[in-house]
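Q: Just dropping this structure here.
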Amino acid sequence: MARRTVCVLLLAAVLLAGRPLAAQAMAPRAKAILYSLAIPGAGHWYMGRTSRAQIFGAAELGVWTAFTVFKVQGHLRKEDFIEMAEVNAGVGDAHGRSSQYYRSLGLYLSSDEYNEIEVEIYARYIYPDDPAAREAYIRENLITGDATWNWVSEDWQRAYRLRRADSDGAYQNAKYALMVGLLNRLVSAVDAARLSARDEPAALAEPGSPTTPALSFRLSEDGVPCAALSTTF
């Protein structure tokens with residue numbers, strides 16, 4: 001009975017001791033993952049993997065450089081097509097307008113044409129038997145004042161459409177750059193976790209530090225199951 005009690009207590013002690021050891025082993029991995037999610041390559045730098053850290057860091061720098069370039073391109077091209085609208089279509093102030101307004105500028109040669117097709121005809125379509133509602137819709141959506149336009153030629157309107165498409169494309173590329181940046185963080189975190197998991201056994205086996213306890217089971221002389229624990233210090 002005494003041997004059986006000793007074996008059970010030994011097994012319980014081993015299981016309890018394994019928990020802090022596991023927590024200690026997971027701490028560096030968790031840090032590497034969090035650092036990599038914050039700044040790609042930071043987790044590798046934390047682990048001493050400077051070459052990989054430089055690769056992910058360079059990719060992150062490239063992502064933000066591309067994002068900045070595309071945002072600047074989008075803004076400059078937007079200023080170009082706004083200037084085209086003001087100079088060649090007579091818009092009083094084209095800044096701060098909605099995307100629908102800019103799209104309509106490229107579709108209709110004049111705001112009168114837009115008002116007739118997009119507002120008046122559509123109002124008659126959605127309110128065929130309600131003159132009051134139809135008139136209210138027209139007053140609410142009619143293009144008037146400094147928002148009106150009249151292109152001097154179809155060539156200038158075509159140039160406007162192309163410049164606006166270039167601006168939208170640049171802004172879209174900026175969004176793609178952010179997506180690449182997110183992917184770079186995820187790849188960096190996964191790679192850091194993989195390397196940390198591979199390096200942990202070697203770190204635990206360094207001279208002067210205890211190795212991971214090896215647990216084996218056997219039967220005592222009187223047939224009682226026992227746990228045997230072996231480690232080095």
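Q: What single numbered condition from (1) among the polar types (S, T, N, Q); (2) more than 39 Å from the chain's Cα centre (by Cα); (3) exposed (fewer than 13 other Cβ atoms within 10 Å of the Cβ) fails to hold for Asn150?
A: All conditions pass for Asn150, except number (3).
Q: Which of the residues that make up region 91-114 are more than 18 Å from Val152 (Cα to Cα) and among the polar types (S, T, N, Q)?
A: Ser98, Ser99, Gln100 - these are the residues of region 91-114 that are more than 18 Å from Val152 (Cα to Cα) and among the polar types (S, T, N, Q).
Q: Could you run through region 66-94 and say how many residues are under 17 Å from the mean Cα position of the chain (by Cα) and either free of Cβ contacts under 8 Å to residues at least 60 places away in the same chain or farther than 30 Å from Tyr35 by Cβ (or both)?
A: So the answer is 1.
Q: What helices (runs of 4 or more DSSP H) completely inside region 35-143 contain at least 1 residues that are under 21 Å from Gln172 (Cβ atoms)?
A: 50-88, 99-107
Q: Filter region 137-182 for residues that are among the charged types (D, E, K, R) and in contact (Cβ under 8 Å) with a residue 40 or more places away in the chain and give the result.
A: Correct list: Asp146, Glu154, Arg161, Arg163, Arg164, Asp166, Asp168.
Q: Here is a follow-up. If Tyr171 satisfies every condition in (1) touching an Asp or Glu at 6+ places or on another chain (Cβ under 8 Å); (2) under 30 Å from Ala38 (Cβ atoms); (3) of a type in the set (Ser, Thr, Tyr) but one, which is the exception?
A: (1)
Residues are listed down the side, and each one gets a yes or a no for (1) modelled with pLDDT of 95 or more; (2) more than 30 Å from Ala38 (Cβ to Cβ); (3) among the hydrophobic types (A, V, I, L, M, F, W, C):
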{"residue": "Ala136", "(1), (2), (3)": "no, yes, yes"}
{"residue": "Arg139", "(1), (2), (3)": "no, yes, no"}
{"residue": "Arg163", "(1), (2), (3)": "yes, yes, no"}
{"residue": "Ser167", "(1), (2), (3)": "yes, yes, no"}
{"residue": "Lys175", "(1), (2), (3)": "yes, no, no"}
{"residue": "Pro207", "(1), (2), (3)": "no, yes, no"}
{"residue": "Thr211", "(1), (2), (3)": "no, yes, no"}
{"residue": "Leu229", "(1), (2), (3)": "no, yes, yes"}
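Q: When you check Val63 against the structure, is it under 21 Å from the mean Cα position of the chain (by Cα), buried (at least 18 other Cβ atoms within 10 Å of the Cβ) and β-branched (Val, Ile, Thr), yes or no?
A: In short, yes.
Q: So in region 178-198, with the set limited to residues that are buried (at least 17 other Cβ atoms within 10 Å of the Cβ) and either touching a Ser or Thr at 6+ places or on another chain (Cβ under 9 Å) or of a type in the set (Asp, Glu) (or both), which one is nearest to Ala94 (Cα to Cα)?
A: Arg185
Q: Taking Ala13 as the residue in question, decide whether it is modelled with pLDDT under 90 and over 27 Å from Arg198 (Cβ atoms).
A: yes
Q: Which of the residues belonging to region 43-54 are free of Cβ contacts under 8 Å to residues at least 60 places away in the same chain and of a type outside the set (Ser, Thr, Tyr)?
A: Trp45, Gly48, Ala53, Gln54 - these are the residues of region 43-54 that are free of Cβ contacts under 8 Å to residues at least 60 places away in the same chain and of a type outside the set (Ser, Thr, Tyr).
The values are calculated or read from the model by the stated rules, or taken from the named source; none is laboratory data. As the structure is a computational prediction, the values presented were derived from the model and not from experiment. Counting neighbours? That spans all protein chains shown, and the Cβs are built from the backbone with ideal geometry, glycine included.
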